[in-house]
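S.K.: What follows is a single structure, and I will ask about it in a moment.
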Amino acid sequence: MITLYSLEDGTLVRRVAPDLQTLPDNVLWVDLLSPDPQEERFVESQLGLDIPTREELAEIEDSSRFYDESGVIFMTTTVVMGIADRRPENAEVTFVLTNRCLVTVRYSELSAFRQFEAKSARQPSGYATSHQIFLALADAVVDRVADVLEGVQAELQTLSRRIFDERKEQRRDLQRIIQQLGQHRSLLSQLGESLFSSSRLIAFYRLHAGEPRQGVSKGLLKALERDVRSLGEHQARLLGDIAFLLDATLGLINIEQNSIIKVFSIAAVLFLPPTLVGTVYGMNFERMPELGWALGYPMALGMMVISAIIPYAWFKFRDWL
């Protein structure tokens, strides 16, 4: 699908391409969402560009993701999608930046793009050049990462309270807590990859597009770089928090398991002396004086009870129970 964004009366107007005949002269942004070969050929013929294929978007080397061809800048970045569905995945987005317009190529619906569309609808002015739109989209991607990091931080705080709550019923399902920590760890790793890709994107743009250019302020570029750097530090700190919470959860599981083993061990020790007494008097020798004694049976039972009480009292005295 091809979506066109044109500048009309100083505002950015969104339209779905009605046909594949020609691009309007005032178009500033061409958004290609899962384009078919016919749509790719149309944009290439209209703008004189070579649109990267889906396979080319997935390449990881810098020379394939960031390059300049006759003043046209090609930049591919990684964006995390599927966060709301708890199935985060990495998606690649390519920005093809010319002085005339910006072309984006993507194969997934992305929240950052929807946020930018909503923002541009509320504030239609301020997007007068392709460079301004590109930086606004890059800012939307970074803002989306910030929102997700805030959500992860809030969930980690909730998990921390559950883990360290003195009431056992609040931390009963420690296995589920470990699963949630693992999910957050995976999400943070993907967000870190997205932030690293965004930092390379901004650095490459600064190097090849210059500053300021076409109404792009130097302050906006610095703000983006500062946001990416601070979010990277925040992401690293959250990874450290997850590692601590995971160690604490595993420690609590070990403590609970040790407590259970301790009970069984003490029970075995307590019943060992009575078992010994019962074994002695269960032997079938001819001459056992107690067999003919009227008080032999009560004596044996008493010995069993006393032999169990003595180890129990010793364990209590040593504060092992």
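The values are calculated or read from the model by the stated rules, or taken from the named source; none is laboratory data. This one's a predicted model, so the numbers in the text were calculated from it and none came from an experiment. Neighbour counts run over all protein chains shown; Cβ positions are idealised from the backbone, glycine included. Side chains included, ligands, DNA and RNA excluded: accessible areas come from the protein's heavy atoms. Shrake-Rupley method; radii C 1.70, N 1.55, O 1.52, S 1.80 Å.
S.K.: When only residues in the stretch 118-133 that are assigned to a helix (DSSP H, G or I) and crowded, with 16+ Cβ neighbours inside 10 Å count, which is modelled with the lowest pLDDT?
M.R.: It comes out as Ser120.
S.K.: I've got another one for you. Of all residues in the stretch 79-117, how many are polar (S, T, N, Q) and within 14 Å of the chain's Cα centre (by Cα)?
M.R.: 1
S.K.: Take the stretch 275-292 and flag every residue that is among the aromatic types (Phe, Trp, Tyr) and either loosely packed, with under 12 Cβ neighbours inside 10 Å or touching a strand residue (DSSP E or B) at 6+ places or on another chain (Cβ under 6 Å) (or both).
M.R.: Within the stretch 275-292, Phe285 is the sole residue that qualifies.
S.K.: OK, next. Restricted to the stretch 1-55, and to residues that are touching a residue at least 60 places away in the same chain (Cβ under 8 Å) and among the charged types (D, E, K, R), which residue is surrounded by the fewest Cβ atoms within 10 Å (Cβ to Cβ)?
M.R.: Arg14
S.K.: Could you go through the stretch 103-112 and let me know if any residue there is of a type outside the set (Phe, Trp, Tyr), touching an Asp or Glu at 6+ places or on another chain (Cβ under 6 Å) and open to solvent by less than 10 Å² (accessible area, probe 1.4 Å). Please lay out each step first, then the result.
M.R.: The initial filter retains those residues of the stretch 103-112 that are of a type outside the set (Phe, Trp, Tyr), namely 103-106, 108-112.
Then keep just the ones that are touching an Asp or Glu at 6+ places or on another chain (Cβ under 6 Å); that gives 104.
Now narrow it down to the ones that are open to solvent by less than 10 Å² (accessible area, probe 1.4 Å): 104.
Yes, the conditions are met somewhere in the stretch 103-112.
S.K.: When you scan the stretch 32-42, do you find a residue that is of a type outside the set (Val, Ile, Thr) and modelled with pLDDT under 75, even just one?
M.R.: no
S.K.: What are the residue pairs meeting all of these: first residue in the stretch 198-209, first residue over 19 Å from Asn90 (Cβ atoms), second residue surrounded by fewer than 18 Cβ atoms within 10 Å (Cβ to Cβ), Cβ atoms under 6 Å, and 6 or more apart or on different chains?
M.R.: Close Cβ pairs satisfying both conditions: His208/Asp68.
S.K.: Here's something else I'd like to know. Among the residues of the stretch 214-225, is any open to solvent by 50 Å² or more (accessible area, probe 1.4 Å), in the same structural domain as Tyr127 (by the TED database) and within 21 Å of the chain's Cα centre (by Cα)?
M.R.: no
S.K.: Next question, about the same structure. Could you say whether any residue in the stretch 96-116 is more than 18 Å from Ile2 (Cβ to Cβ), out of contact with any strand residue (DSSP E or B) (no Cβ under 9 Å at 6 or more places or on another chain) and part of a helix (DSSP H, G or I)?
M.R.: Within the stretch 96-116 (the criterion being more than 18 Å from Ile2 (Cβ to Cβ), out of contact with any strand residue (DSSP E or B) (no Cβ under 9 Å at 6 or more places or on another chain) and part of a helix (DSSP H, G or I)), the answer is yes, since at least one residue qualifies.
S.K.: Another question, if that's okay. Considering every residue within the stretch 256-275, establish whether at least one is modelled with pLDDT under 80, touching a helix residue (DSSP H, G or I) at 6+ places or on another chain (Cβ under 8 Å) and at positive phi.
M.R.: No.
S.K.: Now a separate question. Scan the stretch 112-131 and give yes if some residue there is over 25 Å from Leu220 (Cα atoms) and touching a residue at least 24 places away in the same chain (Cβ under 8 Å), otherwise no.
M.R.: no
S.K.: Suppose we filter Ala136, Ala58 for residues that are aliphatic (A, V, I, L, M), more than 18 Å from the chain's Cα centre (by Cα), under 18 Å from Arg200 (Cα atoms) and open to solvent by 60 Å² or more (accessible area, probe 1.4 Å); which single one remains?
M.R.: Of the residues listed, the single one that is aliphatic (A, V, I, L, M), more than 18 Å from the chain's Cα centre (by Cα), under 18 Å from Arg200 (Cα atoms) and open to solvent by 60 Å² or more (accessible area, probe 1.4 Å) is Ala58.
S.K.: Now a separate question. From the list Leu250, Leu191, which one is open to solvent by less than 50 Å² (accessible area, probe 1.4 Å) and in contact (Cβ under 8 Å) with a residue 24 or more places away in the chain?
M.R.: Every option except Leu191 fails the conditions.
S.K.: Being open to solvent by less than 10 Å² (accessible area, probe 1.4 Å) and more than 17 Å from Leu220 (Cα to Cα) is the filter here; which residues of the stretch 196-208 pass it?
M.R.: Ser197
S.K.: Let me ask another. With open to solvent by 40 Å² or more (accessible area, probe 1.4 Å) and modelled with pLDDT under 85 as the only criterion, which of Glu155, Glu166, Glu150, Glu92 stands out?
M.R.: Within the list Glu155, Glu166, Glu150, Glu92, the selection yields Glu166.
S.K.: Would you pick out the residues in the stretch 75-88 that are over 25 Å from Tyr205 (Cα atoms) and either open to solvent by less than 50 Å² (accessible area, probe 1.4 Å) or free of Cβ contacts under 8 Å to residues at least 40 places away in the same chain (or both)?
M.R.: Gly82, Ile83, Ala84, Asp85, Arg87, Pro88, listed by residue number.
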